[in-house]
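The values are calculated or read from the model by the stated rules, or taken from the named source; none is laboratory data. Nothing here was measured: the structure is a model prediction, and the numbers come from that model. No Cβ is skipped: glycine too gets one built from the backbone with ideal geometry, and neighbour counts run over all protein chains shown.
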Amino acid sequence: MSRVSKIFTISLPPKMAHIINKVAREENKTKSELIRAALLNYFEDKKRWQMIRSLGTKTAKELNIKDETDVEKLIDSIRS
């Protein structure tokens, strides 16, 4: 029978390892559960930022924004 999980070995600075141990105890979770949750948050954040960047790129093309100067001009025109 094969495992349903894969095992990874990672290296952490002592301070980070201490924090992980402390938080895991406080939240009554295993270190694996805590690290899995942190990784899921990282993946979700990365996906969200990719979507934001994609929307920003699309909007910049639609508004013909090429650099910071164009952004400043657009903001000034909206404020006026």
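Summed over the stretch 18-28, residues that are exposed (fewer than 10 other Cβ atoms within 10 Å of the Cβ) and on the phi < 0 side of the Ramachandran plot total 1.
Being among the charged types (D, E, K, R), modelled with pLDDT of 95 or more, assigned to a helix (DSSP H, G or I) and out of contact with any Ser or Thr (no Cβ under 9 Å at 6 or more places or on another chain): is that true of residue 76 here?
So residue 76 does not fit the description; no.
For the stretch 54-72, the tally of residues that are in a helix (DSSP H, G or I) and surrounded by 10 or more Cβ atoms within 10 Å (Cβ to Cβ) stands at 11. Scan the stretch 29-40 and give yes if some residue there is surrounded by fewer than 10 Cβ atoms within 10 Å (Cβ to Cβ) and in contact with a Ser or Thr (Cβ under 9 Å, 6 or more places away or on another chain), otherwise no. There is no residue in the stretch 29-40 that is surrounded by fewer than 10 Cβ atoms within 10 Å (Cβ to Cβ) and in contact with a Ser or Thr (Cβ under 9 Å, 6 or more places away or on another chain).
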